[in-house]
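Here is the structure we will look at, set down as structure tokens.
The values are calculated or read from the model by the stated rules, or taken from the named source; none is laboratory data. From a predicted model like this one, the values you see are computed outputs, not experimental measurements. So basically every Cβ, Gly included, is an ideal-geometry build from the backbone, and we count neighbours across all protein chains shown.
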Amino acid sequence: MLYQNQEVTELRSETGRALIDPQGGRLLFWEIDGRRIIHWPENADWSQPNKIRGGNPILFPFIARHMVDGRIGFWKDSAGTLREMPMHGFGRDSLYELSHTENACILTLGDSEKTRIFYPYTFRFQISYSLLGKTLAATLETTNTGDQILPYYTGHHFYFAIPHGERADWEFAVDSVQQARQEADGSIIPQTSSPKPFLLSDPSLVDSFHLLSGQGPVLLRQRPTGRSLAIHLNHPGSLPWKCVTSWTQSDESDFYCLEPWLGLPNAIHHGQGLLKLAPGQTEKAVCLLDASLW
């Protein structure tokens with residue numbers, strides 16, 4: 001179907017609806033009974049897809065900013081070779097092969113001459129979405145199809161539909177005993193622990209990494225009404241998630257992002273969350289969004 005003059009795929013469940021764009025492997029929005037949960041702007045500028053603030057951009061093979069000797073957008077492999085890497089990796093810029101049913105889809109990306117410019121490895125990366133009632137399951141699966149160790153750490157970038165005028169009414173809770181952030185040199189430093197639950201109106205939460213320490217879900221809740229959403233990150237057979245990052249663009253943004261990540265930014269250099277996948281092996285990370293009370 002066409003949406004904003006783009007060819008996209010629609011998924012439907014009994015009460016839910018989502019749109020998927022194979023360019024970038026992006027979930028554009030998710031809604032239940034017509035109420036948006038995942039935000040997407042009405043007048044998106046498709047000439048600059050990476051600057052559209054909405055949906056769920058997938059971060060692969062690395063997350064966020066990487067730097068070498070203070071230069072942003074670079075990384076060194078195990079042999080010391082200096083390479084470029086776009087912000088949040090190249091997964092959100094790539095065209096995926098898509099297969100789907102009425103309520104589920106699989107998006108598949110393989111290595112190519114283009115990806116090997118940034119990342120000299122062979123791989124298969126799959127994003128799976130499925131709708132069931134008022135839940136959305138999102139799975140990231142990585143397979144090493146080559147003959148050398150595959151370094152990677154991937155993640156989600158969910159834009160939740162929260163009007164900026166309501167932000168002071170919303171809070172989130174996460175099993176975390178430590179927050180951290182990235183310094184200008186790419187290093188990770190601890191932050192002073194904040195009161196819990198966290199208020200979305202607190203500006204200190206922008207670009208804060210909440211290091212996961214428990215088994216409970218991440219809860220996003222509107223205090224006056226009790227509307228809530230639970231992000232379940234602990235599933236049998238799934239990799240452990242490293243953190244949830246909180247972010248928004250400005251005080252006027254009608255969204256707030258909670259982003260489950262497998263690793264921390266620049267992990268290829270400092271090792272915090274760096275995954276090393278053996279040849280022929282597959283790993284997956286499962287995330288379930290439950291909007292039964294939204």
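Filter region 272-294 down to the residues that are part of a loop (DSSP other than H, G, I, E, B) and out of contact with any Leu (no Cβ under 7 Å at 6 or more places or on another chain), then identify the one that is surrounded by the most Cβ atoms within 10 Å (Cβ to Cβ). If you could, list the steps in order and put the result at the bottom.
Kept after step one, since they are part of a loop (DSSP other than H, G, I, E, B), are these residues of region 272-294: 272-274, 278-281, 291-294.
Subsequent filtering for residues that are out of contact with any Leu (no Cβ under 7 Å at 6 or more places or on another chain) retains 274, 278-281, 292-293.
On the way: L274: 18, A278: 10, P279: 13, G280: 10, Q281: 12, S292: 11, L293: 14.
Top of the filtered list is L274.
Between T139, T101, which is surrounded by fewer than 22 Cβ atoms within 10 Å (Cβ to Cβ), within 16 Å of G24 (Cα to Cα) and either at pLDDT 95 or above or in contact with an Asp or Glu (Cβ under 7 Å, 6 or more places away or on another chain) (or both)? Break it down stepwise before answering.
On the way: T101 fails: within 16 Å of G24 (Cα to Cα).
Residue meeting the stated conditions: T139.
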Next item on the list: Could you grab me the full set of residues in region 232-254 that are touching a residue at least 24 places away in the same chain (Cβ under 8 Å) and out of contact with any His (no Cβ under 9 Å at 6 or more places or on another chain)?
Entry: H232, L233, H235, G237, S238, L239, P240, W241, K242, Q249
Notebook entry, point to check: Does region 34-68 hold any residues that are within 15 Å of L19 (Cα to Cα) and outside any loop (DSSP other than H, G, I, E, B), and which are they?
Noted result: R35, R36, I37, I38, N56
Next item on the list: Output the number of residues of region 130-175 satisfying the condition of being assigned to a strand (DSSP E or B) and either closer than 18 Å to D251 by Cβ or not β-branched (V, I, T) (or both).
Entry: 20
Check: Counting only residues that are closer than 20 Å to A291 by Cβ and touching a Gly at 6+ places or on another chain (Cβ under 8 Å), which one in region 242-265 is surrounded by the fewest Cβ atoms within 10 Å (Cβ to Cβ)?
Finding: E259
Notebook entry, point to check: Among all residue pairs at least 6 apart or on different chains, which show Cβ distances below 6 Å where the first residue, located in region 109-120, is of a type in the set (A, V, I, L, M, F, W, C) and the second is not in a loop (DSSP other than H, G, I, E, B)?
Noted result: L109/F125; F118/E84
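In this structure, does E31 turn out to be surrounded by 12 or more Cβ atoms within 10 Å (Cβ to Cβ), touching a Gly at 6+ places or on another chain (Cβ under 8 Å) and without any contact (Cβ under 8 Å) to a residue 24 or more places away in the chain? Spell out the reasoning first.
Numbers: surrounded by 12 or more Cβ atoms within 10 Å (Cβ to Cβ): yes; touching a Gly at 6+ places or on another chain (Cβ under 8 Å): yes; without any contact (Cβ under 8 Å) to a residue 24 or more places away in the chain: yes.
It is true that E31 is surrounded by 12 or more Cβ atoms within 10 Å (Cβ to Cβ), touching a Gly at 6+ places or on another chain (Cβ under 8 Å) and without any contact (Cβ under 8 Å) to a residue 24 or more places away in the chain.
From the list P265, P224, which one is within 23 Å of Y119 (Cα to Cα) and out of contact with any Leu (no Cβ under 8 Å at 6 or more places or on another chain)? Before the answer, list the steps.
Working: P224 fails: within 23 Å of Y119 (Cα to Cα).
Being within 23 Å of Y119 (Cα to Cα) and out of contact with any Leu (no Cβ under 8 Å at 6 or more places or on another chain) holds for just one of P265, P224, which is P265.
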